[in-house]
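Comments concern the structure below.
The values are calculated or read from the model by the stated rules, or taken from the named source; none is laboratory data. Nothing here was measured: the structure is a model prediction, and the numbers come from that model. Virtual Cβ from ideal backbone geometry, glycine too; neighbours counted across all protein chains shown. In case anyone asks, the SASA skips ligands and DNA or RNA and just uses the protein heavy atoms, side chains included. Shrake-Rupley method; radii C 1.70, N 1.55, O 1.52, S 1.80 Å.
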Amino acid sequence: MPEALDPERLRAFATLLAEHPRQRVEQDALWSAFARAFPNRPQGAEERRWILLALRTLESEGVLRLPS
C-alpha cells in the first residue's frame, strides 16, 4: 500500500465525488470515480487498500464523511 497517494489524483477523486448528484455516493459510482481518478491503480486487494486510503485521507481532510 502506498504511504501517500498522489495529491493531484486524490484531488481529482474528491472533485468527481463532489460532482455526484446526491450526498450519498453509491458503490458503483464510488468505484467509477476512483477508476477515473487513478487510471494506473493496481488491481485486486491492493486496489481495495488504495481506495480505503483515499477515502480515509479525504475524510481526515474534512472533504467527506464516511458512514460509521
Discussion item. Tell me the Kirkwood radius of the chain: reciprocal of the mean inverse pair distance over distinct alpha-carbon atoms, in Å.
Written reply: 12.1 Å
Worksheet item: Once you mark the GluC sites (Glu not before Pro) that are in a DSSP loop and have at most 13 other Cβ atoms within 10 Å, what is the longest gap between them in the chain?
Response: 27-60
Practice prompt. Express the relative contact order of the chain as a whole percentage, based on alpha carbon pairs under 8 Å and six or more residues apart in sequence.
Written response: 39 percent
Discussion item. Order 28, 6 by their accessible area, 1.4 angstrom probe, all chains in place, largest first.
Written reply: 28, 6
Worksheet entry | Cβ-based charge dipole, the chain, positive-most Cα from 10, 67, 37 | 67
Worksheet entry | Cβ charges +1 (Lys, Arg) and -1 (Asp, Glu), total dipole of the chain, debye | 140 debye
